[in-house]
Every structure is written in C-alpha cells, then in structure tokens.
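A short write-up of the structure that comes next.
The values are calculated or read from the model by the stated rules, or taken from the named source; none is laboratory data. Computed from a prediction, not measured in an experiment: that's the story for all the values here. Please note: Cβ atoms are built from the backbone with ideal geometry, for glycine as well, and neighbour counts cover all protein chains shown.
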4 protein chains.
Amino acid sequence: MASLFSEGDPVLLVYNKRHRWIKTVIDDLFHCNYGSVNLGELIDAPYGTSLESSKGKFLHAFPPTIIDWINVAFKHQSQIIYEKDAGMILMMLDVKPGDTIYETGTGSGSLTSILARSVGPTGKIITHDNREQAIEAAKYNLSLLSLDNVEFNHRDIVEDGFVEGNADALVLDMGDPWRVIDHATKILSPGRKIVVFLPTFDQLGKTKDQLEIWNFKDIKAIELLEREIQMKKGAIRPSTRMIGHTGFLLSAIYMGPKLSLET
Amino acid sequence: MASLFSEGDPVLLVYNKRHRWIKTVIDDLFHCNYGSVNLGELIDAPYGTSLESSKGKFLHAFPPTIIDWINVAFKHQSQIIYEKDAGMILMMLDVKPGDTIYETGTGSGSLTSILARSVGPTGKIITHDNREQAIEAAKYNLSLLSLDNVEFNHRDIVEDGFVEGNADALVLDMGDPWRVIDHATKILSPGRKIVVFLPTFDQLGKTKDQLEIWNFKDIKAIELLEREIQMKKGAIRPSTRMIGHTGFLLSAIYMGPKLSLET
Amino acid sequence: MASLFSEGDPVLLVYNKRHRWIKTVIDDLFHCNYGSVNLGELIDAPYGTSLESSKGKFLHAFPPTIIDWINVAFKHQSQIIYEKDAGMILMMLDVKPGDTIYETGTGSGSLTSILARSVGPTGKIITHDNREQAIEAAKYNLSLLSLDNVEFNHRDIVEDGFVEGNADALVLDMGDPWRVIDHATKILSPGRKIVVFLPTFDQLGKTKDQLEIWNFKDIKAIELLEREIQMKKGAIRPSTRMIGHTGFLLSAIYMGPKLSLET
Amino acid sequence: MASLFSEGDPVLLVYNKRHRWIKTVIDDLFHCNYGSVNLGELIDAPYGTSLESSKGKFLHAFPPTIIDWINVAFKHQSQIIYEKDAGMILMMLDVKPGDTIYETGTGSGSLTSILARSVGPTGKIITHDNREQAIEAAKYNLSLLSLDNVEFNHRDIVEDGFVEGNADALVLDMGDPWRVIDHATKILSPGRKIVVFLPTFDQLGKTKDQLEIWNFKDIKAIELLEREIQMKKGAIRPSTRMIGHTGFLLSAIYMGPKLSLET
C-alpha cells in the first residue's frame, strides 16, 4: 500500500548514501552528475518510485524526514544536534503538540526545527540568538520546511533576558548558560522544565550552582553514548569507532520563587 | 509568570521523590500518610502551589508530564520503555503531529502513550498485542491521559498480520520480531521506516536477515548508554552504578517490493 | 596434566561462588557450614581435587590467584582496586620484575599486593600512608601472601614527602594528589611515569595543573568502563546493570627539572 | 635523582609525539630529518638528557617502555593488542614472575612480549602460530627486547594441538578459538585459567558452548571501553572520538575432566 506524491510536495532523491537531494515535485528537470530526471513524473506517483536519468542511472524518490532536511538541505552555521540528544530533549521537556517552547541559541536551527515540528501548528517556538548570521541561516533553513510556528529573536539573552511570555519548557544550548538562569525564572511557570545542553564539566558545575540558587529542583545530568552495532552476517560486533561525546543534558524543574521540596 | 490549574485538570502531587500521586483538580479531599488536603483549593491556583495537609506537611502541585503518568499512575504489565529509547524512536521514525503509527506489542502502553501524545489529536496509533491482559491494562492506562487516538487490537500478528491500513511508521517491541517482517511490508509505504526494539544479539541477527530478504535498506543497529553524572559540589563525577543495557534499536527503511539502491 | 599441592601451600577451597576460603595445606581439619574436611588429604594431591565433607558436600581445591587473595582473605579498610584499573596501571607504569615502585596511599594493600607480585622478589614496593590503621591492615594482608618485598611507611606525604630513593614509577591513590606532585619530582628520574587514580573531575583538573607546573609531559587521562556480557544460550546480551564509574587514570611522564618537548 | 644510561642500553629518542626512535647507546652517529646526534654522549648521562642535533634541534633520551617498543620498533603483521586489554589479560590470568603461559596465535608478538616481560627470566611463554610469517616477525620483534624466555612454535593448533607441557595459564587470540578448547584441556591443570580475546558475538557464543562442554566453569565475558578525557583548562570533557570496540575477553577456569561446582 503506497502513499502518493502530490504536486508541490518536497521529495528526497537518493542515488546512494552520500548523494541525496531534497527537491520539489513539479514539472521541471533536475540535473546532477548522474544525469537529469523530470520531477514532474512524480506527480501522483507512489513513494519509493525510481526515476531513470538521462545517463541510465536511477534516483529513488521518498518523502524527506526531519533528519533528511537537516542533513541534506540545511545551511550549517554551527554544530548540529545529534538524534540521540534531540530525542532525549523532547522527552525531558515533555514536548507535545500545542506547547510553547523557548530556546537559545538558535544556532543553525536544527533543534529549532525538530521542536517546531513536534509542537505542531498549534504550538510555538520562541528562539533567541545574539548572532545575526545564525538567525538568518536558521530562518532560511526553517523556511525550507514551511514551518511557520517559530518566532526568531536576535537578542542578547545575558544582557536583555528572554522576550516576554509563558514557556511550557526552555532549552539552552549556549556557551555560558549559567548567566541566563535568572532570566529563565521570568518565563517559566513553576513545575516547568529546563534542559541545558553543554559539552564540558566546568559548564556543568557552574550551571548547576545557578540552578540551585534560583530554586530549581530535581537537578540531574546525564549523557547518552550511542554505540553502533555492525551486522555483517556471522560477525555481529560493536563498531570499531564511535562518537565518544557530544554533550551533557542537564535538566531541572522550576519550583517558583519560594517553594522547596521535602526530600 | 505562572499558569493556572482549572477544575478537572490532572495534577501531580509531590511530597518527595518517592511519594507522588496524580489526582484530579476537583472539590474533594485527598488522603495520604502525610495527612489530607482539599484539591478544590487548586482551582484557579498557579502551577507550583503547595497545599498544607491536616498533618502540617506540604504537597506541591504540578501539571504531570507523560513520564510522570507512566511512572506514577500506570499499571505495569511489562517492562516500561526508557526515556532515552523512546526519544530515539521518535527521531528514528520521524514521528510528528498527524502521523499514523503502527505498533506491536502494546505491552503496558508506555510507548503507546508517548507516541499517541506526539502524533496529537490529528494522528493515530494502531497498536496490537496477542495478550488480552496487556490490551486491557494499556486501555486503562491510556484512559487516564484522555488520549483517544489509539486503536487497540487484540491480535496475533505472526498468524494474522497487522490490521489493514497505511502506516507512516512501524515500531516492533516483541520477542520474535523477525516473524512479522513480511506482514510489515503490507502496511508500510515505500520510504517509510521501521524500528525494532530488542535486547539480545541473537534477535538482532535474525531480524536483520529478514529485513534484507524483504527489501528493507539502510539497516542500522545502535544502542544508547545513559550515564548519570553526580554533581556534588567540588566532586563532580559519573555515578558509580548505571543501567548497562536496555535494548538495541534496529532501524530500516522499506524500499517497496522491487527497489534496490545503488551503493 | 595436573600440578600438585605441597604441604604448606595456600589453597582456595570453593563450595560455590559466594562461599570460598583460603587455607593452608596441612594435616588439620577445616570446619564450615557445609561440614569439615581434612586438609592433609591435599598433600601431593592434584590441583582441582575435591574433598568430601563430613556432611557429604564437596569442597574443590585450587591454588588462589592474587584476586582470590584480595577478595577472599584481605581485611578491607578502604575501597579495593578493580582488576581493569590495576591491569591498566601495570601497563601505564611499565611494571616489570625488578622494578622499584613508589605508592601512596597504601589503603588496604590491594594494589600494593598486585604491584609486589608483578615486580617479583628482585623488585620492591615503597608504599606510604598517613593512616596507621591502613598500614597495619595492609601489613597483615600482605603477610598472608608471603610477599616480603614491600616497605611500609607511615608518613604524611603532603608534609614530609616520600622516603628517599629512586622510583622506576609512582602511583598515587589519595584524595588530594595535587599536593604531592612537587615531592614526586624528588624520587622520579626523568623519563619515569606517574599514574594518579582519582574519581572526580575536580581532582583531575587540579592534579593536571600541578603536573604541568612541575614539568610532566604526555599528560593523559582515561577511564575504563567494564561491560559484562550475559551468555545465556540464544540470548547473548550486555548485562542490565554495570559499574558506571570507578575512577580516572591520569598518567604523565616526568621530564626532569628543565626539559621541554618540541610538539 | 636521575638514573644513568650505560653503553649498550636501548634508548628512546623523542623529537615529538610522532617522531620517535629506539636506538642503542653506543659511540655512533644517528641521522634523522632533524639532523644528526652522537649517541655516545649518552654513556653515563642521566635519563632525560637532551642531545642537540647538527641542525640545532633537540632529541630527548629516555629508557623505552614495553609499549614504546611495540609502537616504535616492532614490525606489525597483524592488529596489535591495546593496553587496556593486555592489562586485563595479565589480571585475569594471574600472570606473575616464574609462570609458564601458553599462547596462540603469536601474531606480531605484541602480547607475547608483554607476557614475556611479566613472567620474567624465571618464567616462559610457549607461543604458537600456524603462519610462518607471523612467527618470523614475532621472533624479530622479540629479539629487539632481548627477551629469551619465549618458545616459538610454527604449528596448526586445530590439527595438532599445543606442544606438550603444563601451562599456568592460556591465552587464545585467533579466529576460531572454539576449535582448540579440547586441546586446551591437555595442557591446563585444574584450577588454571583461560582467556580468549575475540571481536564478535558469534565467536563468543560458539566458544562459550565449547568451554561448557569441556568442563570449564566461572565462564565470564566482558569488554573494556576506554574513554579519553580532554583536559583543556576550564573545558574538561570526554573526547569527541573514541575507539568503540576492540574485542571481548572471555575467561574461564578449567575444572579438570570430572569436577563440577555446586552453585
């Protein structure tokens, strides 16, 4: 049972693992090193259709995932987020359709786009970055996905705080997150969660100290190690090389200005 | 800035880390070992309000997260899913509002509830289990969250296959997933993804072999190790004990009955 | 082909995993909950002999390994060293028969005994501890193994430095190792290595700073994670629980008072 | 306090991390890209002496460690052993001065040399390999270290078994170790240990099955993950990249032909 492409849909064209493009299903030619194909042939064609190019090569057509968008089409101004970390952030922040999530920094918009997709059209992402270039790149990237539930703010949070509002959750991905914890208390309702992504132990200690000062509780830091398993038949084994570290995820719950928990 | 509770809202009452309850905001008494409180006081009260009990103890009131629901209120028939694995499954399957996700087995409904929340009211979860008891427990658990976008099927997938339909993605969490891969091809459009959660290497090998036979590609297996960091001031260090293994996540993309990728 | 026990040899008696004893092969009765056996029967008997007790149970007789000694017979004043860390320390310090190794603190003598065995009768371990009780316990423990190549020093290294001498290598296992790095330079020849075992990141940073100040090079920190694999037939998988952290191993080479390396 | 070089000693000459040589202290010139130095200047000079080259560069002179020998001077026919694994093997096999250790395969002799150094002049390594080339390379490599306690056997263990003798311990590092477990029982006394190094789960399962058949007990498999910590000041963090897998270490104790343990 196959879903069909419609005119105007985005399409992921796959030649092999390294050669992939995201294009629009429209009556137009697409040229690459492997020849040219007419994208109009995909109108009303099933997902998974393969197009034969002018050079006799085949390009396979799929609907792109959010990770395809990020890896294939995004301009990257900065380190992108790993799937393992993005997924854990969704869980830690209890992200759901309709939520309003605050974020800083925007970076290239990778995590922003994942959050925006997860909160859906009834939700909203309020993102901040103090680098104009990052904001511009992220705006471009998000526009590719036709996600219009993101509010971009070119703003120095350390100096000026977050834009006013009421956040269901807050995620910090910046070099000195401990300097904005006081501002975080202005936008978080009690009971709401913060997640901070940070790569070093020094950042972990400083941020944890500020979280305690500002009455956050359930402060917990973890890291996720992703290990790939090679599956050659009769020789299943963990891969020789792996990513040893991306960053720590520090989470906490805001208790409001006065509360403290029995322990 | 604090959000307010309304009558009929669920509320997480927290005494300490181990003593937590989920109740309804309604003009009624709640009794526990720490005394009784009137839940009616929470109507129009801000998140984070603390209620003083008849014994002079304080219970703090927060909106429950999905993980709170699973840990505090669910009846557990089977192993629950870990946050790290659930988050990664959301990313691997590209889950978004509006999706139709197929699942088997239902188990206690932990992953079902996370998926149901993520696809939102415009999406749907079609879940299957061959154990009547699991279905009943999951129905009860899901009813607590007022999630009504889940279709439960008491069904033996190995014998009878999945209920008819068109899945945006499929997740398998069962003992012998290799026995349903052929059925999976009937509900997955080409380009759609499958994720299989399995704890042993033997299952990994058998399932991977079947995925290859049925023309799934991009077959990849990973596992996530979660490491907690203790943050005692001046003595930051990884925790002495950790969970060493939950399961592997095997993902693949269905290519349709005939396709094959250049590599 | 079986080796034989001689009178006076130590013998490990094994009933099961948790019930093990180290005794001497001598014409005498040994009593335990499982009955009594005559150890004299082991004289000239092969390794692996099983003795039937007065209660009809069997105790199996083996030569004890150094790890058996530490786990079964030692009095423990402090945390014992893990095999993974002890083995890595042997490699990092290039320990070999004939070496003179300096150590502080002595603790319960677990690492001391492993080092003493590795340097053999032609080598020497010079160990220091500022706690009299630790020294006494370690002396008792080491006497069990008949290792007489250990010199015990009840001494406060921070205040008084190491005893004079020329170390082939130095291992530090103490709470504030950064306070003895200056003293370390007095006993280490240039080209000799130091290994510091420490559990926290704060200790790591402070010790590394001191090593740089005192002209140590090739400063490197690692940790070893040990993962056990369960091998139930047809269900091979990593164990659910594991030790998440014991400590970091910080190693460096002393360059002498003036040297610096091109990089 | 500095030890002195004597004529005929081996010396590690270090220009930087990547440019290192092992030479002999003798009245002779050594030429490299950084100029030439007279090695005779090292006679009676302290460890750590730096020699100025004809081009005004400095080479620093240290006594080589066993790991320096393996990394700098050995010809490598095959994968070398990692320090973490070699150290753990020493512990698991209870290696000590005077032991007789059996080994197959010899490979490039890396592990052989570590074992030979650890058992010292009173011990012996009996190593076997079915590849003549490996034996020749290992002989060359071991001759560099002047270790003369190794007996090399060019022999197919699967067909012909081990050379006769009485092993204190046995280490297997070969592709199909399950095919030599029966032969292992001929050289191991009861109570002696075997360690098998193998990279895949399939090998693990097959070897474990044979160990059970031949009455080995305490069968245990582990793997060691080595994680490096970067120590840039104020930014301490695990390294981004790491080795994800070298191999598993399967250990067991031989119980003799008839014994079985209560459990």
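If the requirement is being out of contact with any helix residue (DSSP H, G or I) (no Cβ under 9 Å at 6 or more places or on another chain) and over 15 Å from A:T112 (Cβ atoms), which of these qualifies: A:D176, A:D168, A:D156?
On the way: A:D176 fails: out of contact with any helix residue (DSSP H, G or I) (no Cβ under 9 Å at 6 or more places or on another chain); A:D168 fails: out of contact with any helix residue (DSSP H, G or I) (no Cβ under 9 Å at 6 or more places or on another chain).
Testing whether each residue is out of contact with any helix residue (DSSP H, G or I) (no Cβ under 9 Å at 6 or more places or on another chain) and over 15 Å from A:T112 (Cβ atoms) leaves just A:D156.
Hey, A:I114 hits all of (1) farther than 28 Å from B:I66 by Cα; (2) touching a residue at least 40 places away in the same chain (Cβ under 8 Å) but one; which does it fall short on?
Of the numbered conditions (1) farther than 28 Å from B:I66 by Cα; (2) touching a residue at least 40 places away in the same chain (Cβ under 8 Å), the odd one out for A:I114 is (1).
Within segment C:102-127, which residues are part of a strand (DSSP E or B) and surrounded by 24 or more Cβ atoms within 10 Å (Cβ to Cβ)?
Applying the first criterion (part of a strand (DSSP E or B)) to segment C:102-127 yields C:102-104, C:124-127.
Selection gives C:Y102, C:E103, C:T104, C:I125, C:T127.
Could you list, in sequence order, the residues of segment C:54-86 that are in contact with a strand residue (DSSP E or B) (Cβ under 9 Å, 6 or more places away or on another chain) and part of a helix (DSSP H, G or I)?
Restricting attention to segment C:54-86, the residues satisfying the condition of being in contact with a strand residue (DSSP E or B) (Cβ under 9 Å, 6 or more places away or on another chain) are C:54-65, C:68-69, C:71-73, C:81-85.
Answer for segment C:54-86, where residues must be in contact with a strand residue (DSSP E or B) (Cβ under 9 Å, 6 or more places away or on another chain) and part of a helix (DSSP H, G or I): C:D68, C:W69, C:N71, C:V72, C:A73, C:E83, C:K84, C:D85.
Go through segment B:137-146 residue by residue and tally those that are of a type in the set (S, T, Y) and part of a loop (DSSP other than H, G, I, E, B).
The first filter runs over segment B:137-146 and keeps only residues of a type in the set (S, T, Y), leaving B:140, B:143, B:146.
Pick out the ones that are also part of a loop (DSSP other than H, G, I, E, B) and you get B:146.
Going through segment B:137-146 one residue at a time, the tally reaches 1.
From A:L204, A:L170, which residue is more than 24 Å from C:G205 (Cβ to Cβ), at pLDDT 95 or above and either of a type outside the set (D, E, K, R) or outside the structural domain of A:R131 (by TED's automatic domain parsing) (or both)?
Numbers: A:L204 fails: more than 24 Å from C:G205 (Cβ to Cβ).
Result of the check over A:L204, A:L170: A:L170.
Any residue at all in segment A:192-211 that's under 17 Å from B:P238 (Cβ atoms) and basic (K, R)?
Taking segment A:192-211 first, the residues under 17 Å from B:P238 (Cβ atoms) are A:198-205, A:208.
With the extra rule that they be basic (K, R), the set shrinks to A:208.
Looking for residues that are under 17 Å from B:P238 (Cβ atoms) and basic (K, R), one finds at least one in segment A:192-211, hence yes.
If I ask for residues that are out of contact with any Asp or Glu (no Cβ under 7 Å at 6 or more places or on another chain) and buried (at least 17 other Cβ atoms within 10 Å of the Cβ), which ones from segment C:21-31 would you list? Please lay out each step first, then the result.
Let us first name the residues in segment C:21-31 that are out of contact with any Asp or Glu (no Cβ under 7 Å at 6 or more places or on another chain), namely C:21, C:23-24, C:27-31.
Matches in segment C:21-31: C:K23, C:F30.
Here's the yes/no breakdown for (1) within 11 Å of another protein chain (Cβ to nearest Cβ); (2) within 16 Å of C:G191 (Cβ to Cβ):
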| site | (1), (2) |
| --- | --- |
| D:V11 | yes, yes |
| D:R18 | yes, no |
| D:K23 | no, yes |
| D:D27 | no, no |
| D:Y34 | yes, no |
| D:L51 | no, yes |
| D:G56 | no, no |
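How many of the residues making up segment B:58-72 are among the polar types (S, T, N, Q) and facing chain A (nearest Cβ under 9 Å)? Steps first, answer last, please.
Within segment B:58-72, the subset among the polar types (S, T, N, Q) is B:65, B:71.
Next, from what is left, pick out any that are facing chain A (nearest Cβ under 9 Å): B:65.
Residues meeting the conditions: 1.
Can you report the number of residues in segment D:186-199 which are in contact with a strand residue (DSSP E or B) (Cβ under 9 Å, 6 or more places away or on another chain), charged (D, E, K, R) and surrounded by fewer than 24 Cβ atoms within 10 Å (Cβ to Cβ)?
So in segment D:186-199, the residues in contact with a strand residue (DSSP E or B) (Cβ under 9 Å, 6 or more places away or on another chain) come out as D:187-199.
Filter again for charged (D, E, K, R), leaving D:192-193.
So of that shortlist, the ones also surrounded by fewer than 24 Cβ atoms within 10 Å (Cβ to Cβ) come out as D:193.
Total meeting the criteria: 1.
Sort out for me the strands (runs of 3 or more DSSP E) sitting completely within segment B:147-263 that have 2 or more residues that are in contact with a Phe, Trp or Tyr (Cβ under 7 Å, 6 or more places away or on another chain) and more than 8 Å from chain A (Cβ to nearest Cβ).
Result: B:167-172, B:188-198, B:248-254.
State whether the residues of segment D:73-94 include one that is at pLDDT below 95, within 9 Å of chain C (Cβ to nearest Cβ) and either more than 26 Å from the chain's Cα centre (by Cα) or surrounded by fewer than 23 Cβ atoms within 10 Å (Cβ to Cβ) (or both).
no
Scan segment B:88-146 residue by residue and report those that are acidic (D, E) and touching a strand residue (DSSP E or B) at 6+ places or on another chain (Cβ under 8 Å).
Step one: filter segment B:88-146 for residues acidic (D, E), giving B:94, B:99, B:103, B:129, B:132, B:136.
Listed by number, the residues that qualify are B:D94, B:D99, B:E103, B:D129, B:E132.
Table: residues versus (1) more than 25 Å from A:P63 (Cα to Cα); (2) crowded, with 16+ Cβ neighbours inside 10 Å.
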| position | (1), (2) |
| --- | --- |
| B:F201 | yes, yes |
| B:Q210 | no, yes |
| B:D218 | no, no |
| B:A221 | no, yes |
| B:M231 | yes, yes |
| B:R241 | yes, no |
| B:G244 | yes, yes |
| B:L249 | no, yes |
| B:A252 | no, yes |
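Looking only at segment A:4-30, count every residue that is among the hydroxyl-bearing types (S, T, Y), closer than 11 Å to A:Y47 by Cα and not in a loop (DSSP other than H, G, I, E, B) and tell me the total. Spell out the reasoning first.
Narrowing segment A:4-30 to residues among the hydroxyl-bearing types (S, T, Y): A:6, A:15, A:24.
Filter once more, keeping what is closer than 11 Å to A:Y47 by Cα: A:6.
Filter once more, so that each one left must be not in a loop (DSSP other than H, G, I, E, B): none.
Total meeting the criteria: 0.
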